[in-house]
1. Return yes when residue B:19 is in a strand (DSSP E or B) and either within 14 Å of another protein chain (Cβ to nearest Cβ) or more than 22 Å from the chain's Cα centre (by Cα) (or both) and no when it is not.
2. Tell me whether segment B:103-116 contains one or more residues that are surrounded by 20 or more Cβ atoms within 10 Å (Cβ to Cβ), away from every other protein chain (no Cβ under 14 Å) and farther than 23 Å from residue B:156 by Cα.
3. Which count do you get for residues in segment B:139-156 that are more than 7 Å from chain A (Cβ to nearest Cβ) and either modelled with pLDDT of 95 or more or assigned to a helix (DSSP H, G or I) (or both)?
4. Of everything in segment B:62-94 that's part of a loop (DSSP other than H, G, I, E, B) and surrounded by 23 or more Cβ atoms within 10 Å (Cβ to Cβ), which residue is farthest from the other protein chains (Cβ to nearest Cβ)?
5. Which one of B:214, B:187 is over 22 Å from residue A:16 (Cα atoms), facing chain A (nearest Cβ under 8 Å) and surrounded by fewer than 24 Cβ atoms within 10 Å (Cβ to Cβ)?
6. Which helices (runs of 4 or more DSSP H) does segment A:79-149 wholly contain that include 1 or more residues that are modelled with pLDDT under 90, more than 10 Å from chain B (Cβ to nearest Cβ) and farther than 27 Å from residue B:137 by Cα?
7. If we keep just the residues of segment B:27-38 that are in contact (Cβ under 8 Å) with a residue 24 or more places away in the chain and in a helix (DSSP H, G or I), which is nearest to residue B:93 (Cα to Cα)?
């Protein structure tokens with residue numbers, strides 16, 4: 001079983017807390033357990049992400065152990081970090097580690113986040129696919145209103161903005177197709193009911 | 001009567017915070033960060049932040065240069081994270097003059113941008129953090145992958161790198177033992193709620209922190225929208241519980257809350273633990289109009305009498321007893337001023 005707090009390390013402790021009479025139980029790894037035991041005001045909870053209680057895993061325990069052993073020897077060429085080292089400390093050594101440990105990390109990210117495809121901003125503040133589509137929808141509505149109001153100047157501006165966003169979207173989706181690993185996540189993409 | 005400006009939903013929401021985690025693509029992450037590389041992070045970031053539009057408003061602080069109380073004071077005022085102090089030898093912070101924007105350097109990630117505002121103002125907090133993120137990302141590229149988003153030292157933060165949170169004051173819900181139900185509902189929404197102070201077995205001052213869990217697979221807007229919606233629901237719930245308590249027996253409610261005012265105005269020794277309960281009572285009383293004290297003032301005072309902040313005020317190392325004496329004294333003095341305003 002994995003730690004319910006970090007979702008990264010195996011759970012070794014079972015912590016029962018009672019807050020105002022409400023009982024909360026968690027399975028935790030030693031690092032997260034230590035954090036819970038600390039009695040400091042203003043403790044930062046931002047790292048206690050990834051509670052896994054809603055994610056069910058039905059993997060064969062033996063097969064998993066064998067696989068984990070194989071992953072443990074993976075080494076990042078750039079910074080020298082091994083997967084075993086990462087499992088112990090919970091932190092990666094450099095950006096390249098994400099490539100070096102791609103297979104186990106994909107499974108880990110799926111467990112922690114329930115997803116393996118980024119849907120947020122990209123560097124430079126430009127929005128990624130999902131947000132771009134949302135923007136296009138919004139602008140299209142505005143465009144219809146502008147046409148109804150016979151504000152053709154505004155309509156032309158909106159049309160250009162939509163065209164630019166469509167180009168951005170195509171370019172982005174083109175990028176994703178080029179990367180073979182993107183196929184792993186193709187299920188999750190485009191089916192977002194909340195998009 | 002003195003008028004004060006309330007932030008949105010400030011009767012229940014104390015503050016809204018956004019944190020964005022970023023790492024420079026060409027530098028090793030936290031576990032492999034040598035002192036030289038840590039220095040490079042500080043040089044790049046501080047130079048870039050000082051060169052932004054409002055760069056001159058930032059103060060640069062190396063954690064190693066600060067006394068322990070001064071560091072704790074920053075944590076108690078939510079200006080830096082507790083985790084920043086895990087790396088005292090290499091970490092630093094840049095804090096805007098208003099305290100609303102902070103850049104943390106060499107914490108778990110190279111850079112963490114923070115936007116912090118009173119009340120429910122997550123969107124504005126996010127705007128402040130993202131503006132800096134964009135300005136810095138233009139100068140030095142952050143580690144990014146089209147599939148996995150912004151790469152963080154811990155995979156738990158990878159994706160948007162965004163952690164949004166609100167601090168909630170929920171005395172009526174806690175009093176009615178409804179927090180269990182609230183927590184269960186919240187968990188289903190992909191959010192997490194926990195006591196802000198204390199060690200997990202209690203929520204001191206009835207203060208809770210509500211935040212998002214996942215950072216991968218949802219856009220920043222989606223995450224923030226979900227957190228705002230959940231917060232608004234809890235706010236409504238808390239307000240209706242407060243109204244119910246008042247309807248049930250107003251005099252009883254006033255009596256129990258205002259007794260804490262009496263204690264605070266006359267106590268000569270005050271522990272943090274007792275103070276947090278009294279503070280919760282008078283904040284509740286102020287939100288119901290039983291006590292004419294500005295909520296922002298009460299919240300600031302709450303942070304000012306935490307142990308580190310009190311030590312900074314004393315200007316020297318003080319014993320636990322001296323700390324209790326000073327806390328009681330500061331409270332009498334400052335609360336008198338707050339209600340007189």
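1. Taking the combined requirement at face value, the residue satisfies it.
2. Checked segment B:103-116: no residue is surrounded by 20 or more Cβ atoms within 10 Å (Cβ to Cβ), away from every other protein chain (no Cβ under 14 Å) and farther than 23 Å from residue B:156 by Cα.
3. Looking only at that region, the number is 3.
4. Filtering segment B:62-94 for residues that are part of a loop (DSSP other than H, G, I, E, B) and surrounded by 23 or more Cβ atoms within 10 Å (Cβ to Cβ), the one farthest from the other protein chains (Cβ to nearest Cβ) comes out as B:91.
5. Working: B:187 fails: over 22 Å from residue A:16 (Cα atoms).
Of B:214, B:187, the one residue that is over 22 Å from residue A:16 (Cα atoms), facing chain A (nearest Cβ under 8 Å) and surrounded by fewer than 24 Cβ atoms within 10 Å (Cβ to Cβ) is B:214.
6. Values: elements: A:83-89, A:97-100, A:102-113, A:129-148.
Those helices (runs of 4 or more DSSP H) span A:129-148.
7. Among those residues, the one meeting the criterion is B:38.
Rundown of residues vs (1) at pLDDT below 95; (2) buried (at least 17 other Cβ atoms within 10 Å of the Cβ); (3) within 23 Å of residue B:13 (Cβ to Cβ); (4) out of contact with any strand residue (DSSP E or B) (no Cβ under 6 Å at 6 or more places or on another chain), yes/no style:
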site: B:292; (1), (2), (3), (4): yes, no, yes, yes
site: B:301; (1), (2), (3), (4): no, yes, yes, yes
site: B:309; (1), (2), (3), (4): no, yes, yes, yes
site: B:314; (1), (2), (3), (4): no, no, no, yes
site: B:321; (1), (2), (3), (4): no, no, no, yes
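The values are calculated or read from the model by the stated rules, or taken from the named source; none is laboratory data. Values in this document were obtained by computation on a predicted structure and should not be read as measured data. Glycine also receives a Cβ, built like all others from the backbone with ideal geometry; neighbour counts cover every protein chain displayed.
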